[in-house]
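Chemist: Quick one: this structure, given as C-alpha cells, is what I'll be asking you about.
Please treat every number below as a calculation from the coordinates, not as lab data. Just so it is clear, the structure is predicted and the values come from calculations on it, not from any experiment. Neighbour counts run over all protein chains shown; Cβ positions are idealised from the backbone, glycine included.
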Amino acid sequence: MADDTLKQPPVPADPKRSYVEMAKERNARVILCHTPDAYMLTDLTRAIDRGLRYLRDQVFTMLPLETVEPLFKEYCENVLSLYETVVKICEAVNIDYKPSRSLAKWLEAQGVKIPAVHKDAAKKAKDNLI
C-alpha cells in the first residue's frame, strides 16, 4: 500500500507553459541570463525572497527582534554593496545603468545619492569599439 504523503506533485505536461503562466503574474520578473554569474544571482534572489518572507512572517511571533534585526541590517548592507559594485562595473564599461524605481526609492531612504544616468553611454561604448 503506497503512502499518499510521499507522493510528488504532478509534473505539468509542458513545463515551459507553466513558466509562461508564472511570468504573467503581477509580482513576477523574467530575467534573461547571459552569464553564469547572472544564474548564480537569480538563485540567490530566489532563496533570499523566500527567506525574507518567512523571516518577516515570524518576527515577533516565533523569532525575537534581537535575532532578526542584525540579519535585516546585514541584508541591507549587502544590497547596498552590490548596488555600488554594479554602478562601478557599468561605469567602467560605459553601460547606461539606472536603478529600478523600487531600488531607487529604497536607496534614497538609506541616504544614498543615486548617480546621474549617462544618457550617451551606449554611444561612448560604440565609439570605443571603433
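Chemist: Dimensions of the stretch 34-129 along principal axes (Cα, Å, largest first)?
Modeler: 57, 31, 18
Chemist: Among the chymotrypsin sites (Phe, Trp or Tyr not before Pro) within the stretch 34-88, which fall in a DSSP loop and have no more than 16 other Cβ atoms within 10 Å of their own Cβ?
Modeler: Hits after loop and neighbour filter: F60.
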